[in-house]
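Okay, so here's the structure we're looking at.
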Amino acid sequence: MEPLHKISRDRVFYAFPYCRMSDATQIASIPAQRNMLTQYMAWKFSEFPNAKVLDFIEDNSVSATIPLRDRKGGGYIDRNARAGDHVLLALGDRAFRSIADCCVTIRDWTQREIVLHYCNTGLCTDTPTGRMIAHVLASLGEFELENKHQRVIEANAARRKNGMPVGSSAAWGWKIVGRRPKRRYVEDPVIRNLCNIASGLRDAGHSYENIASVLQEQYGPYKRPHQHAKLKWTWFTARLAVHAARDGFPGPEPIKRSARKKYKRGQV
């Protein structure tokens, strides 16, 4: 594989500029990445008139824990890049947060003569030294990610121990009040009243579909504290309301998804 400075000026090749953001809170990251990629391409490929720079390829709201080639944008690059093409990253962690993913991808692309560029450092994988440094950076990214996860787990455990909310939702019959960092759980009398009504209708022999219909007609859509809009009652939410009242409104944290398997249609 030839380094970029040894490529013939007459050769036609494609450049794939890649961007990624983990969630909507990083929306400002995309313009910054585009600006960095644009400046790098203007500097790096200015002497190559036959370089074909493609439109920005973006993966929005995609975690870096997903392998690069399993993402929509990353998969597009992997399927379409050919020998002599170049893939451009504004930052290394936009592509890799796993040393395994980095090693496998770079090894495969090196065999296919595809060069990876890190625009913030000027690093290229067209030399053994560049590939070695890319592996080190991916290893550091994975180390940072694992440490971050551990800190989040410890912080959440401390909040639970002090009876403080971890997320933005609460169990049926509870709500969250206050502002960070002084948020706390309190009882929700409106939802508890609706749950007690649903439980009484169930004790009277009504089906969950009928309970949902009664609640919808007489009390209208319901709204939990963490929801942005009111929702229509369904047999499933009626069942959750009944079980919350029967169980004495356990919580205050919401029920885990894995525990919801018992709430199947037809079960008592």
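Results, tabulated for the structure shown:
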| read-out | value |
| --- | --- |
| Every residue from the range 37-84 that is out of contact with any His (no Cβ under 8 Å at 6 or more places or on another chain), in contact (Cβ under 8 Å) with a residue 60 or more places away in the chain and of a type in the set (Ser, Thr, Tyr) | 65 |
| Pick from the range 128-178, criterion at pLDDT 85 or above and touching a Gly at 6+ places or on another chain (Cβ under 6 Å), ranking: nearest to residue 253 (Cα to Cα) | 174 |
| Identity of the residue in the range 188-223, touching a strand residue (DSSP E or B) at 6+ places or on another chain (Cβ under 8 Å) and modelled with pLDDT under 90, that ends up nearest to residue 176 (Cα to Cα) | 188 |
| Count of residues meeting criterion [more than 16 Å from residue 253 (Cβ to Cβ) and either without any contact (Cβ under 8 Å) to a residue 40 or more places away in the chain or loosely packed, with under 13 Cβ neighbours inside 10 Å (or both)] in the range 179-200 | 9 |
| Which numbered condition residue 106 misses (of (1) surrounded by fewer than 18 Cβ atoms within 10 Å (Cβ to Cβ); (2) free of Cβ contacts under 8 Å to residues at least 60 places away in the same chain; (3) assigned by TED's automatic domain parsing to the domain that holds residue 42) | (1) |
| Of all residues making up the range 34-73, the number that are buried (at least 18 other Cβ atoms within 10 Å of the Cβ) and small (Gly, Ala, Ser) | 3 |
| Condition met for residue 9 (closer than 21 Å to residue 113 by Cβ and modelled with pLDDT under 90) | yes |
| Those helices (runs of 4 or more DSSP H) lying entirely in the range 1-115 with at least 3 residues more than 21 Å from residue 134 (Cβ to Cβ) and out of contact with any Gly (no Cβ under 6 Å at 6 or more places or on another chain) | 29-44, 72-80 |
| Some residue of the range 29-36 being out of contact with any strand residue (DSSP E or B) (no Cβ under 8 Å at 6 or more places or on another chain), more than 19 Å from residue 72 (Cα to Cα) and in contact (Cβ under 8 Å) with a residue 60 or more places away in the chain | yes |
| Residue among 174, 233 that alone is out of contact with any Phe, Trp or Tyr (no Cβ under 6 Å at 6 or more places or on another chain), surrounded by 14 or more Cβ atoms within 10 Å (Cβ to Cβ) and of a type outside the set (Lys, Arg) | 233 |
| Check on residue 79, closer than 14 Å to residue 18 by Cβ and buried (at least 16 other Cβ atoms within 10 Å of the Cβ) | no |
| Qualifying residue in the range 125-132 (condition: in the same structural domain as residue 43 (by TED's automatic domain parsing), at positive phi, surrounded by fewer than 18 Cβ atoms within 10 Å (Cβ to Cβ) and not in a helix (DSSP H, G or I)) | no |
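Yes/no matrix, rows are residues, columns are (1) charged (D, E, K, R); (2) closer than 25 Å to residue 245 by Cβ:
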{"site": "135", "(1), (2)": "no, no"}
{"site": "144", "(1), (2)": "yes, no"}
{"site": "149", "(1), (2)": "no, no"}
{"site": "155", "(1), (2)": "no, no"}
{"site": "161", "(1), (2)": "yes, no"}
{"site": "168", "(1), (2)": "no, yes"}
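The values are calculated or read from the model by the stated rules, or taken from the named source; none is laboratory data. As the structure is a prediction and not an experimental result, all values here were calculated from the model. Heads up, the Cβs are rebuilt from the backbone with ideal geometry, glycines too, and the neighbour counts pull from every protein chain shown.
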